[in-house]
Every structure is written in structure tokens, then in C-alpha cells.
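Step one of this worksheet: look at the structure below.
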Amino acid sequence: MQQKVDERRSFLHIRALMATTTEGLIAIGPDGDVRVFNETAEEMLGLHRSQVAGKLYTSLKQPKVEAAIERLLRPKSRKDPHAIRLQLGERVIAATVAPYACSGRRAAVVTLRDDTALEAYRKRAEAILASTGDGLVVFDPDDIVTYVNPAATSLAGLKPAKLLGKRTPLWQMLAMKAEDAFSPGADGSQVREVHIEAPEHRIMDVRTDPVLDDQGGYLGYVATLHDVTAEREIGQMKNEFVSTVSHELRTPLTSIKGYIDLILDGEAGEINEIQREFLSIVKQNSDRLVELINDMLDISRIESGRIHLKIQPLDMCDLIAGAVDTFQAVSEQSGHKLIPKAPAGLPKAAGDRDRVGQVLMNFISNAIKYSPEGGSVTVKARQDGEFVTVDITDQGIGISKEDQAQLFTKFYRVDSSLTREIGGTGLGLSICKSIIELLGGKVGVKSAAGKGSTFWFSLPVAPKHLVRTPGVEGPSMGGGTVLVVDRDPEIANLVETYLLKQGYDVVQAHNAEEALALAIEVHPRVITLDVMLGDGDGFDLLQKLKDTPETTNIPVLVLSIVCDEGRSCRLGAADYLEKPIDKNRLTTIIDDLVGSVAAPVVLVVDDDRNIVDLLCRNLKTKGFSVAGAYDGAEAMAAIRKKHPDLILLDLQMPVMDGYQVIEKVKTDPATKDIPIVVMTAHQIDRSRIDILGLAQQKLDKPFSPEELARRVEALLESMEDEL
Ligand code: ADP
């Protein structure tokens with residue numbers, strides 16, 4: 001009796017629970033009959049219990065739910081719960097159909113949950129996400145995509161149907177290369193510029209941020225795609241504008257500067273003191289204009305990524321010595337003392353020689369400029385872990401903390417009567433920063449107002465495989481014909497004047513057709529070429545010259561206002577020089593080019609720079625072309641690329657010694673015929689004497705330059721006799 005009462009009580013208890021729960025509950029027996037149908041289910045489906053109780057589940061009148069029940073009750077069917085979304089009038093009902101065991105047979109239970117509020121909330125959140133202009137893609141921790149907004153769909157051409165619920169890493173989605181892959185861990189955001197070929201080319205700033213819960217647990221990440229195509233295009237247009245204007249300014253300036261230099265050099269006859277003074281003022285100002293235009297071109301080149309960097313190992317001590325030398329006259333005049341400091345054994349830095357030189361000169365020039373009261377300027381190189389750092393320290397006016405923060409931005413100048421008086425563009429430091437950063441280094445400043453400043457820059461230590469290829473310098477032969485190709489006769493005349501003075505004959509061509517015909521007819525020793533030609537692209541002409549057998553070996557020096565050094569060199573130009581033309585650089589390059597073709601090339605290899613310089617200078621005056629290498633690795637690079645006629649070789653050297661060089665040269669069919677003269681001051685290593693036997697001659701140090709030249713000459717002559 002008591003048991004019956006208890007059962008009844010428990011039954012009432014369950015009934016009360018079922019009646020009050022906010023979820024609808026429906027139980028279906030193994031034969032498909034409806035056994036339980038609670039109040040919430042009645043209310044949600046709009047049916048009374050009497051309409052369904054004991055009847056077949058089809059009486060529920062919900063086709064989707066019925067199909068799921070039917071499937072579940074089928075013998076051997078899958079047992080996993082099935083989720084269904086029902087739209088019933090205004091309401092959204094989430095139904096789950098799940099199995100349960102009833103006296104050993106499969107039965108089904110249907111739960112119904114009112115998701116109307118949740119759904120409205122979801123829709124609102126989605127509307128917000130959809131209305132942002134930026135594309136959003138949400139990932140779970142396993143790279144599985146859980147959400148893609150419409151902006152992502154249209155911006156990057158992503159198809160939500162193909163992505164949702166699938167593991168698609170971001171880089172794959174954006175068709176990036178796997179090595180560029182990026183996605184944040186729990187610890188931080190990342191931003192990357194990505195080029196996407198959707199229906200059209202687009203540039204996107206892609207930002208990834210981790211999604212963390214309030215305990216800091218990693219839930220995945222969200223990628224934001226921000227379209228910057230238009231911004232980049234405007235930037236590009238601005239750069240092109242600056243570039244075009246600068247080029248247009250450079251053409252007349254090339255003439256102005258060139259002809260003033262000629263008058264000042266007395267090429268147009270005697271000038272009196274007053275004329276000299278006035279012309280010097282014109283020259284100073286045209287030089288300032290050239291400098292400003294060069295700065296603007298540098299900036300537009302850097303910003304548009306068109307800067308051409310030649311990375312090579314740099315000996316910082318060497319570079320500092322050169323820069324300090326350049327400023328010697330200026331600093332003496334202004335009463336500054338320039339002190340170079342570099343420790344022995346400093347590793348080489350990786351960088352572009354000309355560009356790093358430019359940076360160094362800029363810092364030194366500023367140190368002198370902004371130390372009006374004189375004092376010393378120290379230029380010190382040091383190793384700093386994986387970097388070589390150079391500090392330029394002055395005792396000048398110093399810079400306050402607020403100004404320091406903005407110093408490296410374009411056009412920024414400290415605003416003071418003194419800086420206004422000194423004058424400048426405020427572009428120098430920003431260019432230095434960009435160049436050094438492009439080379440993988442950093443720049444910075446330590447200073448306080450009135451206490452002097454230390455500007456510094458660092459460059460990565462050069463990796464072992466980076467080897468300098470020594471250049472070939474020709475003797476000043478002062479002879480032969482140079483073909484000058486320039487659309488502008490005034491500039492061609494200017495170049496002609498420079499070269500005539502150096503002892504060359506000159507022929508001029510003002511268009512491509514004429515140039516090619518003359519090159520074949522006259523066979524000049526060198527061609528100077530401006531790639532901006534009237535009747536066709538100068539690059540086409542360069543290509544034709546290199547493709548024509550009669551002209552293919554004539555070195556071409558591209559002399560241009562359009563900075564396209566990379567392209568020129570790829571097409572086979574021997575060298576490149578930018579306008580306005582620096583007279584000395586022009587004649588040096590022409591001498592080197594003529595010399596390296598007309599005179600035998602001697603490669604001098606010694607780790608003692610003084611010996612290399614001395615020998616090179618001497619050999620040049622004796623009519624040889626020379627290249628200097630400071631270790632075995634550099635020597636091998638020169639031998640492979642420049643194929644010298646003779647090698648003067650020291651045996652004791654770092655990196656790769658002379659013995660190794662001999663072995664390599666003599667065992668390679670391409671180089672084995674190059675004669676080697678060994679220069680040595682030491683006892684020869686007996687165990688390696690057979691290697692030495694491969695070398696042609698031995699020369700004991702010390703020897704006189706005359707003796708050297710005689711030996712080299714004799715050796716080259718005997719080689720010619722053999723041929
Ligand atoms: P510019 O010298 O043409 O103005 P820079 O970009 O080289 O342009 O320098 C920017 C500014 O930084 C200068 O105008 C000057 O105010 C400040 N500055 C640069 N170097 C020094 C220095 N060594 N000492 C004090 N101030 C300096």
C-alpha cells in the first residue's frame with residue numbers, strides 16, 4: 001500500500017516538473033505512439049494532449065520532426081541526436097530528437113526549446129558584424145571557421161558555404177604562400193599587408209587577434225580584413241607625381257650645374273673674381289636644389305619599394321675612414337675635430353655600400369651642422385651581438401625628449417631660431433631610418449637639450465656566404481672613341497666636353513636608330529646611354545646592343561634620370577650613373593670600363609690593404625687594369641666573375657688562404673690557365689709545396705713596384721707568345 005502511495009507521489013512529482021519546465025517534452029514509444037506530451041509542448045506546437053496521446057507520431061503535424069523520429073526508430077539506424085530549427089509563426093523553436101531505450105527497444109524523445117530571444121540576439125549581433133566595412137572571419141582554436149561576414153565575402157571573394165565548419169587556415173584562404181602563414185597564438189595580434197587576386201587585385205591589411213575568455217583561455221582568433229587598395233593607390237600616385245616632377249626638374253638642372261662647373265673650371269675662358277663669386281652662388285644654390293630633389297626622389301623610391309639595394313659585406317672601419325676623410329676640409333673650416341674609432345677585428349656588416357655611406361655622411365653632417373660652437377665629433381663602430389653599431393656623438397645643441405620622438409619623421413625639424421638659421425629640409429633622418437630598416441637594422445638617438453647628441457644605427461653582421469666581388473679599375477688610357485647617346489643635345493655636348501678633356505674621342509647619337517648604326521660602324525670602346533630616348537625605349541636599344549654580335553662586347557654605361565639601375569643591370573649594362581652627372585665619377589667609370597676591356601686585368605690578393613692599394617696604384621700607372629681582393633673568398637669571386645689575366649697572390653690570409661685559392665683555380669677548367677704569381681715573405685709550408693708547384697712564379701717580399709710591373713709584363717708577354 002505504502003509502495004503504491006510512494007509511486008503515485010513520485011509520478012505526480014514528475015508530472016508537476018514536466019508541466020512547469022520551460023522545455024517542451026515529447027516521448028515516442030518503440031512503435032511510434034506518443035506517450036508523453038507536456039504542457040510546454042502543447043503550447044509550442046498549438047496541439048492539445050488529447051489530439052496526440054496514444055496516437056502515431058505523425059499526429060504531431062511537424063514534417064521535419066516526424067522525419068527525424070521515423071529515421072531514429074528504423075532498426076539499425078544511427079543513434080546520434082538530430083537538431084532541427086522550426087519557425088512557428090513568430091517563434092523560433094530548437095527541436096532535438098534523441099533516442100532512449102524502452103524495455104530493450106529503441107524509442108525517441110523530442111525536446112523543444114524556445115530560441116526566439118536567442119535568435120533575435122544572434123541576428124542583431126550578425127547584423128552588427130555584417131554592417132562593418134571590414135571583413136571578419138572567426139576561427140576556433142583548431143583553425144575551423146565558425147563565422148564569415150558579408151564584407152569578407154565580397155572583399156576577398158571568400159565563399160562562406162565552402163569555409164564554415166571546415167579547417168581552412170587563413171593563409172590558404174587568402175591564397176598566400178605557406179611560408180608567409182600567420183595566425184596568432186594566445187599571446188598577441190599580428191598585422192600583415194596581403195595582396196589578393198579576388199575578382200580584381202586588392203591590397204588588404206589583415207589583422208589577427210586572439211579571442212580569449214574571461215579566464216584568459218584561448219577560444220580561437222578573429223581575422224579582420226581592411227581594404228587599403230585605394231589608400232595605396234593614392235600613395236602610389238603621389239609617389240609617381242613626386243618622381244615625375246623631380247625628373248622634370250633634374251633635366252634642366254643637369255645642364256645648369258654642368259655648364260656652371262665648366263665655366264668655373266675655366267673651360268669657357270678666363271673669368272674675373274666677381275664673375276667667379278656670382279657663379280659660385282649660382283652653383284651653391286643649384287647644388288642645394290639637386291640635394292633637395294635627390295632627397296625627394298629617395299623618399300618616393302623608398303615608399304614605392306623601387307629602391308635598388310646591393311647587399312655586400314661592409315668593413316665599417318673603412319667606411320668610417322672614408323666618410324671622415326670627406327668631411328675633413330669642412331670640419332677644419334668649422335673648427336670641429338672628427339675622431340674615428342673602431343676596434344680591431346670588428347666583423348663585417350651586411351649593407352649597401354653607397355646607401356650606408358649616405359647614412360653615415362648624413363649623421364656626420366648633422367653632427368657638424370648642429371654643433372655650432374665647435375667641439376669634437378666621434379664616430380665609433382662596435383659589435384653589439386648580431387649587429388654592428390655605429391655611434392655618432394657630438395657636443396652640440398642637443399635635442400629635447402619631445403622632439404626626439406618625432407625626429408625621424410618626414411620634414412620634421414626642431415623649431416628654434418638656430419635650426420631656422422641653419423636651414424635644411426628635415427628629410428635626411430627619415431631617409432636614413434628607411435634605408436637602415438630596409439637593410440634589417442635600426443636607428444636611434446640619445447640626447448638632452450644643450451648636452452650634445454649621439455645618433456646611432458645598426459646593421460646585421462654579414463653572414464659567411466656574403467662575399468664582396470672586387471670591381472675592376474682601369475688605367476687612365478685616355479684614348480679611343482666613346483659613343484654618347486642622349487635625346488638632349490645639350491647634355492650630350494656636356495658629356496662630350498668632359499670626355500674630350502679626358503682624352504677620348506666622342507661621337508653623339510640622339511635617337512636609338514642612329515645609336516645602333518653608329519655603334520656598329522664606329523665600334524666605340526664604351527657607350528653612354530640615357531634610357532629616355534625620343535624614338536623608343538632606351539631599354540630596347542640596350543637589349544639590341546647586347547643581342548647584336550658586333551656590339552655585344554661594348555660596355556654600356558647607363559646615364560639616366562630615371563632610376564632603373566636594377567633593370568639596366570639585368571639587361572647587361574656594365575654600370576649605372578644617375579644625372580645630374582658627377583664629372584669625376586663619370587670619367588672614373590669610363591676609364592675603368594675602357595681599361596678592363598683594353599688592358600690586361602691583374603687581380604691583387606692580400607689581406608694587407610696597404611699592399612693591395614700600393615700594388616694596384618702602381619700597376620695602373622703602368623697601364624694595367626686592376627682588381628683588389630682582401631681574402632681568398634673575395635679573390636675567388638673576382639676570378640669567377642671577372643676572369644683576370646693574372647693573379648698576384650699572398651699565401652697567408654684569413655677566411656681562405658692562398659694555397660686553397662691556387663688549388664681551386666688550377667683544378668677548375670674554366671680558370672686553370674690563369675697564371676698565378678705567389679707573393680710571400682714567409683717560409684713556404686713544405687707540406688703544401690706541391691700545390692704551390694701549380695703556381696707560375698714566386699715573388700719574395702719585399703719587392704720594388706718596378707720589379708713587380710716588370711715581372712707581370714714579362715709573364716703576360718710570354719703567355720701571348722704561347723698563344
Ligand atoms: P635637416 O638637417 O635637413 O633639417 P634632418 O632630417 O637631417 O634634416 O634632421 C632633422 C632635424 O633633427 C634637424 O632639423 C635638427 O633639428 C635635428 N637634428 C638632427 N641632427 C641633430 C644633431 N646632431 N644635433 C641636434 N639636432 C639635430
>> Given the criterion farther than 15 Å from Ala27 by Cα, small (Gly, Ala, Ser) and open to solvent by less than 80 Å² (accessible area, probe 1.4 Å), identify the matching residue among Ala98, Ala94.
In response: Ala94
> Going through the stretch 372-398 one residue at a time, which ones are over 31 Å from the mean Cα position of the chain (by Cα) and aliphatic (A, V, I, L, M)?
Replying inline: Val377, Ile397
>> Just the residues that are of a type in the set (Ser, Thr, Tyr) and under 19 Å from Val191 (Cβ atoms), please, taken from the stretch 207-223.
In response: Thr208, Tyr221
>> Quick check on the stretch 320-346: of everything there that is of a type in the set (Val, Ile, Thr) and modelled with pLDDT of 90 or more, which residue is surrounded by the most Cβ atoms within 10 Å (Cβ to Cβ)?
In response: Ile320
>> Step by step: first the residues of the stretch 119-138, then only those that are open to solvent by less than 50 Å² (accessible area, probe 1.4 Å) and in a helix (DSSP H, G or I), then the one that is modelled with the highest pLDDT. Which residue is that?
In response: Glu119
> For the stretch 214-230, which residues satisfy the criterion of being on the phi < 0 side of the Ramachandran plot and open to solvent by less than 60 Å² (accessible area, probe 1.4 Å)?
Replying inline: Gly217, Tyr221, Val222, Ala223, Thr224, Leu225, Asp227, Val228, Thr229
> Which one of Pro347, Pro372 is out of contact with any helix residue (DSSP H, G or I) (no Cβ under 8 Å at 6 or more places or on another chain) and in the same structural domain as Cys432 (by TED's automatic domain parsing)?
Replying inline: Pro347
> Among the candidates Gly480, Gly474, Gly423, Gly428, which residue alone is surrounded by 14 or more Cβ atoms within 10 Å (Cβ to Cβ) and either under 33 Å from the mean Cα position of the chain (by Cα) or near the ligand (Cβ under 8 Å from one of its atoms) (or both)?
Replying inline: Gly428
> Considering only residues of the stretch 282-319 that are open to solvent by 30 Å² or more (accessible area, probe 1.4 Å) and in a strand (DSSP E or B), which is farthest from Pro470 (Cα to Cα)?
Replying inline: Ile311
>> Suppose we keep only residues that are surrounded by fewer than 17 Cβ atoms within 10 Å (Cβ to Cβ) and within 23 Å of Arg617 (Cα to Cα) within the stretch 643-674. Which one would you say is modelled with the lowest pLDDT?
In response: Gln652
>> I'd like to know if the stretch 591-614 contains one or more residues that are open to solvent by less than 10 Å² (accessible area, probe 1.4 Å), charged (D, E, K, R) and at pLDDT 85 or above.
In response: yes
>> Take the conditions at pLDDT below 85, assigned to a loop (DSSP other than H, G, I, E, B) and aliphatic (A, V, I, L, M) and apply them to Ala175. Does it pass?
In response: yes
> Can you name every residue in the stretch 30-49 that is open to solvent by less than 80 Å² (accessible area, probe 1.4 Å), assigned to a helix (DSSP H, G or I) and either without any contact (Cβ under 8 Å) to a residue 12 or more places away in the chain or closer than 23 Å to Val92 by Cβ (or both)?
Replying inline: Glu39, Thr40, Ala41, Glu42, Met44, Leu45
> Which helices (runs of 4 or more DSSP H) sit wholly inside the stretch 483-585 and have at least 1 residues that are without any contact (Cβ under 8 Å) to a residue 24 or more places away in the chain and in contact with a strand residue (DSSP E or B) (Cβ under 6 Å, 6 or more places away or on another chain)?
Replying inline: 489-501
> So, in the stretch 390-413, of the ones that are more than 6 Å from the ligand (Cβ to nearest atom) and of a type in the set (Asp, Glu), which residue ends up most open to solvent (accessible area, probe 1.4 Å)?
Replying inline: Glu402
>> Restricting to the stretch 1-29, give me the number of residues that are farther than 18 Å from Glu66 by Cα, outside any loop (DSSP other than H, G, I, E, B) and in contact with a helix residue (DSSP H, G or I) (Cβ under 9 Å, 6 or more places away or on another chain).
In response: 3
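Residue-wise test of (1) at pLDDT 90 or above; (2) touching a helix residue (DSSP H, G or I) at 6+ places or on another chain (Cβ under 7 Å).
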residue	(1), (2)
Ser246	no, yes
Ser255	no, yes
Gly258	no, yes
Ile281	yes, no
Glu291	no, no
>> Considering only residues that are farther than 21 Å from Asp298 by Cβ, without any contact (Cβ under 8 Å) to a residue 24 or more places away in the chain and not polar (S, T, N, Q), which ones fall in the stretch 410-429?
In response: Val414, Asp415, Arg420, Glu421
>> Condition check: open to solvent by less than 40 Å² (accessible area, probe 1.4 Å), over 30 Å from Leu309 (Cβ atoms), more than 10 Å from the ligand (Cβ to nearest atom) and out of contact with any Leu (no Cβ under 7 Å at 6 or more places or on another chain). Does Gly374 satisfy that?
In response: yes
> If Ala349 satisfies every condition in (1) away from the ligand (no atom under 13 Å from the Cβ); (2) open to solvent by 30 Å² or more (accessible area, probe 1.4 Å); (3) at pLDDT 90 or above but one, which is the exception?
Replying inline: (2)
> For Leu516, all conditions in the list (1) open to solvent by 50 Å² or more (accessible area, probe 1.4 Å); (2) farther than 30 Å from Val678 by Cβ hold save one; what is the number of the exception?
Replying inline: (1)
> What residue, among those in the stretch 439-471 that are among the basic types (Lys, Arg) and touching a residue at least 12 places away in the same chain (Cβ under 8 Å), is nearest to the ligand (Cβ to nearest atom)?
Replying inline: Lys451
> Any idea which of Val379, Val324 is hydrophobic (A, V, I, L, M, F, W, C), in contact with an Asp or Glu (Cβ under 8 Å, 6 or more places away or on another chain) and without any contact (Cβ under 8 Å) to a residue 60 or more places away in the chain?
Replying inline: Val379
> Are any of the residues in the stretch 377-387 in the same structural domain as Gly441 (by TED's automatic domain parsing), touching a Phe, Trp or Tyr at 6+ places or on another chain (Cβ under 6 Å) and within 15 Å of the ligand (Cβ to nearest atom)?
Replying inline: no
> Quick one: is Ser458 at pLDDT 95 or above, under 32 Å from the mean Cα position of the chain (by Cα), polar (S, T, N, Q) and more than 30 Å from Val526 (Cβ to Cβ)?
Replying inline: yes
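The values are calculated or read from the model by the stated rules, or taken from the named source; none is laboratory data. As the structure is a computational prediction, the values presented were derived from the model and not from experiment. Glycine gets a Cβ as well: all are built from the backbone with ideal geometry, and neighbour counts include every protein chain shown. For accessibility, only protein heavy atoms count, side chains too; no ligands or nucleic acids. Shrake-Rupley method; radii C 1.70, N 1.55, O 1.52, S 1.80 Å.
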